[in-house]
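**Q** Got a structure for you, questions after.
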Amino acid sequence: MTLHRILHRVSTWILPQSIVGILVATVSPALAGDAPPHWTYGGAANPSHWGELSTDYSLCEQGRDQSPINIQTPIAGSPQPLALSYGSTPLTIVNSGHSIQVNYAPGNKVKLGGEDYELLQFHFHTPSEHALDGNNAPMELHLVHSNAQGELAVVGVMIEVGDENPTIDTLWENIPPSGQTQTINGVMVNVSDLLPRNQSYYSYSGSLTTPPCSENVQWNILTETVEISEEQVEAFMGLYPVNARPLQPLNGRMVESHRR
Ligand SMILES: [Zn+2]
């Protein structure tokens, strides 16, 4: 094992095991030889090669429970609601080089199966990563949560073109340069303003859709969509024309539908 390789392994082990740690690590100024391998959506490091870029990314190639998936023929699950309770957060916005992300202040939770998951951050993909009956939406919003054990749950929302959304305007107006994070004094946002009224959802067990593609991520995709304007979609695509991982095989997994 080369020194470079050892240094990289050590840096990987000491990263916090949360999604915030993983995402922040990709935007921190890298010490020479210390950065996680660079991955992209196009070019030589595109999603079909993620698993070859690092042994830390091997699940991207060898995992059996990967995300995103095409949601088709779900089975009926319990009608339990997603107990979402999100307040406002001071706007801390990250241009990670992979997406636009908003980091959330502590204390905002979703209850899943009787257990609390705290909202860490939300971010966007274009086009949508998940598909419904083979159809993609123009964009997809991911709300990333963690429980006390560090297990992850993501709430996904399909974004269609329609009416302008004022919260999206606030976000897009405050995007920092690539690789940077900024907190905007005096500006608050509430992710509830980006959610549909009806919170019926599909659930399945999957993975992170970015390296290292870690599994045992509890996915909850809302069945109702939200709208943002065509200009707002185009503004995002001006920075990130495509930042979606292709669909992954279901491998016998069940998708449950939870209606309310
Ligand atoms: Zn995502």
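The values are calculated or read from the model by the stated rules, or taken from the named source; none is laboratory data. Here the structure is a predicted model, which means the values were calculated and not measured. These area figures cover heavy atoms from the full protein model, side chains too; ligands, DNA and RNA do not enter into them. Shrake-Rupley method; radii C 1.70, N 1.55, O 1.52, S 1.80 Å.
**Q** Quote to one decimal, in nm, the extra length available between Thr183 and Glu160 on full extension: 0.36 nm per residue of separation minus the C-alpha distance between them.
**A** Numbers: separation 23, 0.36 × 23 = 8.28 nm, distance 2.80 nm.
Extra length from Thr183 to Glu160 when fully extended: 5.5 nm.
**Q** Whole Å is fine, so just give me how far the alpha carbon centre of the stretch 90-144 lies from that of the stretch 220-253.
**A** About 11 Å separates the Cα centre of the stretch 90-144 from the one of the stretch 220-253.
**Q** Taking every pair of Cα atoms in the stretch 64-258, average 1/r, invert it to obtain the Kirkwood radius, and report Rg/Rh to two decimals. Walk me through the intermediate numbers first.
**A** Working: Rg = 15.8 Å, Rh = 16.9 Å.
Here the Rg-to-Rh quotient is 0.93.
**Q** With every protein chain left in place, what is the accessible area of Tyr57 in Å² (1.4 Å probe, nearest 10)?
**A** 20 Å²
**Q** Please work out how much accessible surface Val187 shows to a 1.4 Å probe, ignoring ligands, DNA and RNA, in Å² rounded to 10.
**A** We get 40 Å² for Val187.
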